[in-house]
Amino acid sequence: MSDQIPGSGQPQEDLEVSQVPPAARAPEPSVATTVLRQIVTGNALISLLAVLLALIVGAILIVAVDPVVQQTAGYFFSRPSDMLQAMWNAASGAYSSLFQGAIYNFGAADFASGIRPLTLTLTFATPLIVAGLGVALSFRVGLFNIGGQAQILTGAVCAGYVGFAFDLPPVIHLIAAIVAGVVGGALVGALVGVLKARTGAHEVIVTIMLNYIVLYLLRFLLRTPGALQAPGGNNPKTPPMKSTAIYPLLLGPNYTLHLGFIVSILATIVVWYLLNRSNLGFQFRAVGENPNAARVAGINVKNIYVWALAISAGLVGLAGVAQVLGTVTSGFGESIDAGVGFDAITVALLGRSRPWGVFAAGLLFGALKAGGFAMQANNSVPIDIILVVQSLIVLFIAAPPLVRAIFRLPQPPGSRKLRTPRPSSKKVVVTR
Amino acid sequence: MTVVAERNIVVAGPTTVVIKSWKIPIILGAFALLALVLFVILGRNGTTTFILAEPTDFLQVAPIGIPVRASGIVATVLLAAFAVLGAWFVRSRGRVPLWIDILFGFVFLVEFLTWAAAPASVQVPGMLLQTIALSVPLIFGALGGVISERVGVVNIAIEGQLLAGAFVSAMIASITHQPLLGLIGAMVAGVLVSFILAAFSIKYLVDQVIVGVVINVFIVGLTNFLYSTVLSESPELLNSPPRFEAIDIPVLSQIPVIGPTFFRQSLIVYLVYVAVPLVWFGLFHTRWGLRLRAVGEHPQAADTVGINVTRTRFWNVSLAGAIAGLGGAFFTLGSVGAFSREMTGGQGYIALAAVIFGRWDPIRATVAALLFGFANELQYVLQDTSPIPSEFMLMLPYVVTILAVAGLVGQVRGPAASGKPYIKS
């Protein structure tokens with residue numbers, strides 16, 4: 001997917017630019033200038049600055065609601081240093097907790113317990129990465145899979161049901177549960193794909209509505225004895241998973257990191273191969289770039305929509321598998337998705353729909369989540385601040401001109417072009 | 001090219017072509033079959049009593065008792081007759097008149113209530129009152145959605161606008177003790193959310209669906225954060241807004257059944273009665289509405305005749321935010337009386353569903369919102385007696401919307417340029 005699509009209003013201008021040989025456009029700049037220019041106008045720097053900006057806004061919010069800051073603000077004019085000190089304490093304290101809760105705890109006795117936060121980060125990142133890969137894959141085909149919540153819940157229910165209701169030999173049980181979860185998610189996606197291909201129903205609306213339908217269905221199943229509710233229990237919760245079905249812990253019982261993280265690395269490799277090296281992936285990208293051209297080239301666009309949404313939703317379902325077989329193995333309720341369905345959209349956007357970009361974005365958001373809990377416990381800053389920071393990161397990343405304007409960076413050449421996170425599938429082709 | 005053009009002219013001659021659509025009779029037939037299964041085969045015994053007046057009402061109406069099994073058979077026969085009548089209308093005249101749809105829906109609903117509530121009683125005035133209460137935020141949200149989408153900006157952010165309106169109105173009304181100021185604060189909050197949507201989708205050309213989704217997450221995070229740090233620290237100062245009092249409209253409120261429902265309500269509900277016709281009239285009968293729709297259908301054409309597309313979109317999206325913000329205020333100043341975490345609970349998405357189900361028309365969207373509110377209320381009315389689990393009643397609006405966008409309930413087509421950024425060349 002190209003990040004910048006020429007606006008429909010200026011095809012002539014682009015044509016002229018592309019016809020001029022590169023050397024003739026401008027005097028050849030020196031290597032150092034070119035490198036500097038690429039760094040300053042590049043996507044990596046924008047991503048970095050977007051994260052920085054979002055953290056700054058988060059710090060402002062943390063400082064603004066801090067009780068000590070409010071207290072010292074009362075006598076700001078007699079002793080301003082008190083308030084400035086309190087502001088610094090509030091922000092630096094919160095963010096140092098965030099770091100220590102996400103990467104390495106400097107207060108720990110030894111390395112083994114000091115590194116525990118990092119393993120927690122990887123655990124939180126696991127469902128984010130696979131779900132983000134799924135959403136990113138749909139973006140590459142020019143589709144919006146906003147139904148992450150429904151697909152995670154379906155994946156969790158299918159994997160969980162196989163996990164607690166069947167007795168199978170160790171390895172086979174785990175594989176059966178994973179397959180059940182992926183297929184369950186994929187079926188939800190395929191339903192959306194078929195509706196889109198057959199009737200033209202917009203996938204955004206269908207996936208949003210399915211989120212609620214699946215949630216209510218799960219709520220019904222969880223309180224119905226004989227369906228998913230644990231026998232003898234009154235709570236809307238399933239029985240715990242059988243030990244043969246859960247992801248083994250990677251680093252022993254002291255750490256939460258489980259095999260699901262390896263699965264998410266494998267999934268990243270598979271998606272990378274699928275999109276960049278395989279025949280199907282080529283068709284996916286072709287449809288994403290321009291469905292009309294793809295149709296002319298002989299690609300069955302409707303089939304591609306169904307397959308893309310099924311694979312996308314299957315990956316999101318894999319996130320549900322990671323939740324029930326790895327993170328919460330003692331039985332789950334209706335909030336097992338833990339907001340991953342919507343976080344996955346932000347992860348996919350932050351990763352610019354590239355598999356390894358999504359992987360990195362998933363790690364970052366996993367770190368924010370792990371650190372957010374530490375921040376809430378140590379500095380009584382509510383974890384909701386993480387939602388604010390995440391959404392701001394995505395908003396800033398989606399609008400590079402805004403970030404460049406704030407940091408007074410030069411605009412890249414040809415910046416008057418239309419930006420969409422996905423290729424505009426309904427672009428009007430004007431022939432003369 | 002010329003050949004094609006000539007052929008078009010021939011086809012588009014003065015002959016009136018009536019396209020027979022068997023969709024509606026088929027749907028009616030399916031519902032009649034459903035009625036046969038539910039009301040006759042799975043029929044229940046007893047009598048359901050419909051209580052039509054509160055004891056305090058000026059005019060007393062006697063309760064009506066309906067025997068469940070007998071009425072089920074009668075209703076099924078009636079519904080089947082309507083379906084056959086609909087088929088006959090399609091055969092002879094090509095289409096089903098609207099009154100058949102309405103009568104069919106009414107008979108089905110009444111019999112469904114009778115069947116599901118048996119053998120208890122149904123408090124009709126209370127039920128209708130609650131339906132209105134549950135529908136008001138949906139109606140405001142849907143009106144905001146209609147305006148925004150008609151001008152060409154997809155508004156997924158209704159949820160965020162409702163939530164921001166609820167939060168700000170609770171806070172301002174608590175501090176000032178003036179619900180009216182809270183109402184204005186809610187509108188301002190909705191406008192501010194719209195500014196984010198407008199700035200990113202119109203100026204920075206970010207995909208509107210993405211901005212909408214991200215805004216919703218942002219508002220949830222922000223209100224939750226401020227709620228747990230600021231509002232819950234001093235709830236009596238910041239989160240105890242005075243609620244709007246119900247105002248009796250002198251004569252009208254004495255009409256049995258509908259009087260107390262529609263004319264003994266708070267100010268926000270009366271605002272609905274004003275806003276819906278106003279938006280409808282504005283959209284279809286004023287210069288403002290014509291320009292707005294032109295920008296949403298064909299921005300290039302609108303630009304050619306001198307309408308400033310960017311400005312039109314920006315201010316109308318802001319207006320949509322203000323209206324949706326009003327709906328948010330109803331949560332805190334109208335029904336609940338205090339802000340709580342994520343109190344809108346997905347109502348914004350139901351409002352979006354109402355926009356689509358109402359085919360981007362303010363009146364139809366309002367009817368859809370009322371239907372969704374009624375479906376929501378049914379779970380409380382039928383909670384002890386209904387053989388259908390409440391979750392399935394809650395699911396109904398979403399299922400209906402999927403059926404609607406899948407084209408099973410008539411053709412659904414949004415404004416042509418909705419969701420597409422406009423770049424002036």
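The values are calculated or read from the model by the stated rules, or taken from the named source; none is laboratory data. The shown structure was predicted, so the numbers you read here are calculated from the model rather than taken from an experiment. Heads up, the Cβs are rebuilt from the backbone with ideal geometry, glycines too, and the neighbour counts pull from every protein chain shown. The protein model used for the area step is the full one, side chains on, heavy atoms only, and it has no ligands, DNA or RNA in it. Shrake-Rupley method; radii C 1.70, N 1.55, O 1.52, S 1.80 Å.
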Residue in the range A:366-377 that is within 11 Å of chain B (Cβ to nearest Cβ) and in contact (Cβ under 8 Å) with a residue 60 or more places away in the chain present: yes
Selection count, the range B:276-289, where residues are buried (at least 16 other Cβ atoms within 10 Å of the Cβ), among the β-branched types (Val, Ile, Thr) and free of Cβ contacts under 8 Å to residues at least 24 places away in the same chain: 0
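Residues checked against (1) under 28 Å from residue A:224 (Cβ atoms); (2) within 10 Å of chain A (Cβ to nearest Cβ):
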{"position": "B:335", "(1), (2)": "no, no"}
{"position": "B:379", "(1), (2)": "yes, no"}
{"position": "B:388", "(1), (2)": "yes, no"}
{"position": "B:397", "(1), (2)": "yes, yes"}
{"position": "B:404", "(1), (2)": "no, yes"}
Single unsatisfied condition, residue B:181 versus (1) over 17 Å from the mean Cα position of the chain (by Cα); (2) more than 13 Å from chain A (Cβ to nearest Cβ); (3) touching a residue at least 12 places away in the same chain (Cβ under 8 Å); (4) open to solvent by 20 Å² or more (accessible area, probe 1.4 Å): (3)
Helices (runs of 4 or more DSSP H) lying entirely in the range A:180-291 (those with 1 or more residues that are charged (D, E, K, R)): A:203-223, A:279-289
Subset tally (residues that are open to solvent by less than 60 Å² (accessible area, probe 1.4 Å), more than 14 Å from residue B:52 (Cβ to Cβ) and not aromatic (Phe, Trp, Tyr)) for the range B:244-261: 2
Helices (runs of 4 or more DSSP H) within the range A:36-107 that include 2 or more residues of a type in the set (Ser, Thr, Tyr): A:80-102
Matching option when the condition is at pLDDT 85 or above and of a type in the set (S, T, N, Q), among B:21, B:71: B:71
The range B:216-225: number of residues that are facing another protein chain (nearest Cβ under 7 Å) and under 12 Å from residue B:168 (Cα atoms): 1
From the options A:348, A:308, A:344, residue that is more than 14 Å from chain B (Cβ to nearest Cβ), touching a helix residue (DSSP H, G or I) at 6+ places or on another chain (Cβ under 7 Å) and in contact (Cβ under 8 Å) with a residue 60 or more places away in the chain: A:308
Residue in the range B:159-169 that is assigned to a loop (DSSP other than H, G, I, E, B), within 12 Å of chain A (Cβ to nearest Cβ) and closer than 29 Å to residue A:136 by Cβ present: no
Near pairs, Cβ below 6 angstrom, 6+ apart or cross-chain, from the range A:59-84 (more than 23 Å from residue A:372 (Cβ to Cβ)) to any residue that is among the aromatic types (Phe, Trp, Tyr): A:83/A:76
Number of the condition not met by residue B:220 [criteria: (1) surrounded by 15 or more Cβ atoms within 10 Å (Cβ to Cβ); (2) modelled with pLDDT under 90; (3) among the aliphatic types (A, V, I, L, M)]: (2)
Of the criteria (1) more than 19 Å from the chain's Cα centre (by Cα); (2) under 19 Å from residue A:147 (Cα atoms), which one residue B:396 fails: (1)
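For (1) closer than 30 Å to residue B:354 by Cα; (2) open to solvent by 40 Å² or more (accessible area, probe 1.4 Å); (3) within 14 Å of another protein chain (Cβ to nearest Cβ), each residue gets a yes or a no:
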{"site": "A:177", "(1), (2), (3)": "no, no, no"}
{"site": "A:182", "(1), (2), (3)": "no, yes, no"}
{"site": "A:186", "(1), (2), (3)": "yes, no, no"}
{"site": "A:211", "(1), (2), (3)": "yes, no, yes"}
{"site": "A:225", "(1), (2), (3)": "no, yes, yes"}
{"site": "A:245", "(1), (2), (3)": "no, no, no"}
{"site": "A:250", "(1), (2), (3)": "no, yes, no"}
Residue B:73 being closer than 17 Å to residue B:40 by Cα and assigned to a strand (DSSP E or B): no
Of the criteria (1) crowded, with 16+ Cβ neighbours inside 10 Å; (2) more than 14 Å from chain B (Cβ to nearest Cβ), which one residue A:269 fails: (1)
Matching entry among A:81, A:113 (being among the polar types (S, T, N, Q), open to solvent by 60 Å² or more (accessible area, probe 1.4 Å) and at pLDDT below 95): A:81
Residue B:273, sole failed condition from (1) out of contact with any Gly (no Cβ under 6 Å at 6 or more places or on another chain); (2) open to solvent by less than 50 Å² (accessible area, probe 1.4 Å): (2)
Residue match in the range B:230-242 (condition: hydrophobic (A, V, I, L, M, F, W, C) and facing chain A (nearest Cβ under 10 Å)): yes
Residue among B:369, B:365 that alone is surrounded by 18 or more Cβ atoms within 10 Å (Cβ to Cβ), in contact with a Lys or Arg (Cβ under 9 Å, 6 or more places away or on another chain) and away from every other protein chain (no Cβ under 13 Å): B:365
Boolean, residue B:213 is within 21 Å of residue B:347 (Cα to Cα), within 12 Å of chain A (Cβ to nearest Cβ), open to solvent by less than 20 Å² (accessible area, probe 1.4 Å) and modelled with pLDDT under 90: yes
All positions within the range B:290-319 that are crowded, with 18+ Cβ neighbours inside 10 Å, in contact (Cβ under 8 Å) with a residue 60 or more places away in the chain and more than 19 Å from residue B:205 (Cβ to Cβ): B:292, B:293, B:319
Selected residue [without any contact (Cβ under 8 Å) to a residue 40 or more places away in the chain, at positive phi and either open to solvent by less than 20 Å² (accessible area, probe 1.4 Å) or more than 15 Å from the chain's Cα centre (by Cα) (or both)] from B:419, B:346, B:407: B:407
Residue B:173 being modelled with pLDDT under 95 and either in the same structural domain as residue B:211 (by TED's automatic domain parsing) or surrounded by 17 or more Cβ atoms within 10 Å (Cβ to Cβ) (or both): yes
Any hit, the range A:121-143, residues being part of a helix (DSSP H, G or I), open to solvent by 30 Å² or more (accessible area, probe 1.4 Å) and within 14 Å of chain B (Cβ to nearest Cβ): no
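Matching residues to (1) open to solvent by 10 Å² or more (accessible area, probe 1.4 Å); (2) modelled with pLDDT of 90 or more; (3) aromatic (Phe, Trp, Tyr):
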position: A:309; (1), (2), (3): no, yes, no
position: A:326; (1), (2), (3): yes, yes, no
position: A:334; (1), (2), (3): yes, no, no
position: A:346; (1), (2), (3): no, no, no
Selection from the range B:98-127 of residues that are more than 17 Å from residue B:258 (Cβ to Cβ) and open to solvent by 20 Å² or more (accessible area, probe 1.4 Å): B:98, B:99, B:101, B:103, B:105, B:107, B:108, B:112, B:119, B:120, B:121
